[in-house]
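Scroll down for the structure; my scribbles are underneath it.
The values are calculated or read from the model by the stated rules, or taken from the named source; none is laboratory data. As the structure is a computational prediction, the values presented were derived from the model and not from experiment. Positions of Cβ are generated from backbone atoms using ideal geometry, with glycine treated the same way; all protein chains shown enter the neighbour counts.
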């Protein structure tokens, strides 16, 4: 009886300890609203064009500083980054800390839920701009 209780208790504690580590997938619809903060400089969609910032269609798995026709800072081009979820999360939280010398003046998104949501939104936008 004691062994069954110990196993059950261990399983419960183990499950509880991993739940907070699981990332929130985010809500793409809410992320579209969060993305409004980004629209002053970035475009997405089939007709998107470079503006103050580069087009963000298909940003996931893209090398930093590589979108055709955009004039990136040397810091961004030389960062060696590839935009995956973890890297983009750090960058959007504090762009200048992640890439010192970036010309992106956006101060960052402080709330984790907003980061989850905007990342979920951006993940859904393909290189051709579909998914907006």
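Inside the stretch 85-111, can you point out the residues that are loosely packed, with under 12 Cβ neighbours inside 10 Å and either in contact (Cβ under 8 Å) with a residue 60 or more places away in the chain or within 23 Å of residue 36 (Cα to Cα) (or both)?
Passing the criteria: 86, 97, 105, 107, 110, 111.
If you check 23, 12, 8, which single one turns out to be in a loop (DSSP other than H, G, I, E, B) and modelled with pLDDT under 95?
Residue meeting the stated conditions: 23.
Just wondering, is there one or more residues in the stretch 119-128 that are part of a loop (DSSP other than H, G, I, E, B) and free of Cβ contacts under 8 Å to residues at least 60 places away in the same chain?
No; the residues of the stretch 119-128 include none that is part of a loop (DSSP other than H, G, I, E, B) and free of Cβ contacts under 8 Å to residues at least 60 places away in the same chain.
Condition check: assigned to a loop (DSSP other than H, G, I, E, B), more than 16 Å from the chain's Cα centre (by Cα), on the phi > 0 side of the Ramachandran plot and loosely packed, with under 13 Cβ neighbours inside 10 Å. Does residue 45 satisfy that?
Taking the combined requirement at face value, the residue does not satisfy it.
I need the full set of residues from the stretch 112-132 which are buried (at least 16 other Cβ atoms within 10 Å of the Cβ) and either in contact with a strand residue (DSSP E or B) (Cβ under 9 Å, 6 or more places away or on another chain) or over 17 Å from residue 29 (Cβ atoms) (or both), in order please.
Across the stretch 112-132, the qualifying residue is only 129.
Do we have any residue at all in the stretch 63-84 that's touching a residue at least 40 places away in the same chain (Cβ under 8 Å) and surrounded by 12 or more Cβ atoms within 10 Å (Cβ to Cβ)?
no
With the requirement that a residue be under 11 Å from the mean Cα position of the chain (by Cα) and not in a helix (DSSP H, G or I), what does the stretch 105-118 give you?
Correct list: 109 only.
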